[in-house]
1. Which of the residue pairs K19/K82; K81/K103; K87/K159; K81/K159; K142/K176 have a Cα-Cα distance greater than 20 Å in the structure shown?
2. Of all DSSP beta bridges in segment 95-196, what percent run antiparallel (nearest 5)?
3. Which value, in debye to the nearest 20, describes the size of the charge dipole of segment 85-197 about its Cα centre when Lys and Arg Cβ atoms bear +1, Asp and Glu Cβ atoms bear -1, and nothing else is charged?
4. Just the C-alpha atoms of segment 95-196: what Rg/Rh do they give, with Rh taken as the Kirkwood radius?
5. Using the 10 angstrom Cβ neighbour count as an exposure proxy, how do V165, V89 rank, fewest first?
Amino acid sequence: MFLLVFLLVPNDAKPEIYKYVDKNGNIAFTDNLNNVPENQRPKTEGMQKKQASPHYPPEASPNPLQGENKGNNPSMMEILKKEFGAKEVCPEETKEDAEQAIKESWANMTGAMITGDLETAFSHYSLAKRDEHRRRLSEIGKEKLKAIFGSYDSIVIGKFKGRRVECGAIRYEGGKRYAYTVYYVRDMDCVWRIDGF
């Protein structure tokens, strides 16, 4: 009887997408944790797949990811393309282009923090971790964020490891110069964004 009730009750759990770094240093995604190398599983991040919005015109498909598939389940890449603008292959870029993109992103992000435009600032954070950063930094408050990010002078680009690079954010405190670690990643849509501190 319990099994019958269990099968009849709808399961609202959303399937997860797992993000990890593959053997080549690239950010990879899968909906099957078994596809993640064992040594990566303890640090693998899970994201819930977004559910389709119920606000569609009557003629539209209730699931925009299905489109022409006529009810077939969309592939992981189709979901990532639709939800995050993911690209299967990023265009090649030089190290100088990447460094310039990171420096511009950092300058624009800190400028937005200083002016209190948090949504613009958060657009410079990785898609997979944006909500986490938004939650943590919003708790600090706009005035304190202005003071913190106003004290940063520049960013120094470190060694690239695939689509990830460790940088040093230069900040002045009490007349002394400090470098704080900031990780940048070439995101799913091939844009360089902050992945963590």
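Every number in this text was worked out from the coordinates using simple rules, so none of it is lab data. Since this is a predicted model, take the numbers as computed values, not measurements. Counting neighbours? That spans all protein chains shown, and the Cβs are built from the backbone with ideal geometry, glycine included.
1. On the way: K19/K82 17 Å; K81/K103 26 Å; K87/K159 24 Å; K81/K159 29 Å; K142/K176 24 Å.
Flagged as over cut-off: K81/K103; K87/K159; K81/K159; K142/K176.
2. Numbers: 21 of 22 bridges.
The answer is about 95 percent antiparallel.
3. Values: 20 positive and 19 negative charges, 93 e Å.
Around 440 debye, computed over segment 85-197.
4. Details: Rg = 13.1 Å, Rh = 13.8 Å.
Taking Rg over the Kirkwood Rh, I get 0.95.
5. Values: V165 21, V89 6.
By the 10 Å Cβ count, ascending: V89, V165.
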